[in-house]
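The values are calculated or read from the model by the stated rules, or taken from the named source; none is laboratory data. Small disclaimer: the values here were computed from a predicted structure and weren't measured. Backbone-built Cβ (ideal geometry, glycine too); neighbour counts: all protein chains shown.
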Amino acid sequence: MSGARWVLAAVTVGTLGWSAACAEASHAPDHPKRHKVVYHLNEGGVDRAKAVLVNIENHVHVVGWNSIEALELVVHGPALRTFLARDIDPDVRGKLETLMAGGLKLGACQITMARQKIDFKDLIQGVTAVPSGVVRVMELQEAGYAYVKP
């Protein structure tokens, strides 16, 4: 086989493989797949929190809750202040409450709480305290979660 034909054959095979992977990832009923996903947020600000929550909403919209085995948002660093119940942006609260009602778990870093002098009771209801945000992300990755840092 000539070099040009070999390249064409390789590209064709690669494209077919990629197409098959995309078809499977489309979550069609004939390709059911259950996902475990961790989203990571450490950047502060309402706009950043909204952007991450919109990413999660889009994720759920595309794959559907039925295709999600576990979904967690781990928050630490400057981002944690965005989730204080008394100051939370109404849009952030609404998006978060809707996602949590569907199954999203929100993990808040205890190290960040201690350093920023945030009491756990001051965070939005439904938050789970985790000893360390980065360690939680690592543990979830080791447990087979896909890592997303939008």
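A compact table of results
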item: Qualifying residue in the stretch 38-56 (condition: in a strand (DSSP E or B) and either aromatic (F, W, Y) or touching a Ser or Thr at 6+ places or on another chain (Cβ under 8 Å) (or both)); result: yes
item: Some residue of the stretch 110-118 being among the charged types (D, E, K, R) and either surrounded by fewer than 15 Cβ atoms within 10 Å (Cβ to Cβ) or under 11 Å from V38 (Cβ atoms) (or both); result: yes
item: Test: V60 is surrounded by 14 or more Cβ atoms within 10 Å (Cβ to Cβ), aliphatic (A, V, I, L, M), modelled with pLDDT of 95 or more and part of a strand (DSSP E or B); result: no
item: Residue match in the stretch 80-98 (condition: in a strand (DSSP E or B), under 20 Å from K121 (Cα atoms) and modelled with pLDDT of 95 or more); result: yes
item: Qualifying residue in the stretch 106-125 (condition: closer than 22 Å to W65 by Cβ, in contact with a strand residue (DSSP E or B) (Cβ under 7 Å, 6 or more places away or on another chain) and assigned to a helix (DSSP H, G or I)); result: no
item: Unmet criterion (only one of (1) touching a residue at least 40 places away in the same chain (Cβ under 8 Å); (2) in a strand (DSSP E or B)) for L71; result: (1)
item: Residue count for the stretch 119-150, restricted to those that are of a type in the set (V, I, T), in contact (Cβ under 8 Å) with a residue 40 or more places away in the chain and surrounded by fewer than 17 Cβ atoms within 10 Å (Cβ to Cβ); result: 2
